[in-house]
Amino acid sequence: MNIKNKHKNNKLKIGIIASILVVILVGGTAALLKVSTQDNKQEVADKQVEASKHSSDGINYAPPTAADEEMNREQEARNKERERLDQLPPSSNAEVFVSGAGQYDSIVEVRAYVSNIYEDGGSCTAQFTKDGAPTVKVTKTAVKDAKTIQCGALDTERSKFSTSGKWTLSVSYESANASGKSSNQIVEIK
């Protein structure tokens, strides 16, 4: 009987070991499949994100980069500054600056701007004077740019000047709320 019990015990041990091995194999296979499936899902998700970044409509749907966020902050700051300037009360003393003046062939050019106010509706006048000669004036509508008021091209024909020589130039700004005049400059007319 001892041999039969030994035989039964051996069969039982083999059965238990086989069962354990089956459980280990099935569990291991399931775990591998799960990891593999997760890896595949992540790979598909990564490919979808990458594909969306380079969509055929030319739009980048990826989250903003640090550079994008910095650019947005800078634009917001510019917008706030523009809003602040728009809300400033007009100054009665416009600060007018001549940024360039001279004769170029048959045209006498003047460029000027107003630095301390920001409004619509004004005009700029360039005035040339010389002792013994008629005054030459050019008036243009002023235009707001990003932070100043530009006088535009205050250009005139050389033929409007009665004589050559040194002429005194000043540029003035006028609006319903402000006025001002630049310092005098000398312009050589040939």
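The values are calculated or read from the model by the stated rules, or taken from the named source; none is laboratory data. What you see is a predicted model, and the numbers here were worked out from it, not measured in a lab. Positions of Cβ are backbone-derived with ideal geometry, glycine not excepted, and every protein chain shown enters the neighbour counts.
Here is how the numbers come out for the structure above:
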read-out: Scope the stretch 92-110; condition part of a strand (DSSP E or B) and either surrounded by 19 or more Cβ atoms within 10 Å (Cβ to Cβ) or among the aliphatic types (A, V, I, L, M) (or both); matching residues; value: 96, 98, 101, 107, 108, 110
read-out: Unmet criterion (only one of (1) at pLDDT 95 or above; (2) touching a strand residue (DSSP E or B) at 6+ places or on another chain (Cβ under 6 Å); (3) surrounded by fewer than 14 Cβ atoms within 10 Å (Cβ to Cβ)) for residue 138; value: (3)
read-out: Criterion violated by residue 131 - all others in (1) more than 32 Å from the chain's Cα centre (by Cα); (2) in contact (Cβ under 8 Å) with a residue 40 or more places away in the chain satisfied; value: (2)
read-out: Qualifying residue in the stretch 150-167 (condition: without any contact (Cβ under 8 Å) to a residue 12 or more places away in the chain and touching a Ser or Thr at 6+ places or on another chain (Cβ under 8 Å)); value: no
read-out: Filtered residue count, the stretch 169-189, keeping only those that are over 20 Å from residue 153 (Cβ atoms) and of a type outside the set (Gly, Ala, Ser); value: 3
read-out: Exclusive hit being surrounded by fewer than 12 Cβ atoms within 10 Å (Cβ to Cβ), within 27 Å of residue 79 (Cα to Cα) and touching a strand residue (DSSP E or B) at 6+ places or on another chain (Cβ under 7 Å), set 145, 120; value: 120
read-out: Every pair of residues 6+ apart whose Cβ atoms lie under 8 Å, when the first sits in the stretch 94-109 and is within 14 Å of residue 160 (Cα to Cα) and modelled with pLDDT of 95 or more while the second is of a type in the set (A, V, I, L, M, F, W, C) and not in a strand (DSSP E or B); value: 108/161; 109/154
read-out: Residues being in a strand (DSSP E or B), surrounded by 15 or more Cβ atoms within 10 Å (Cβ to Cβ) and of a type in the set (Gly, Ala, Ser) - total across the stretch 158-186; value: 4
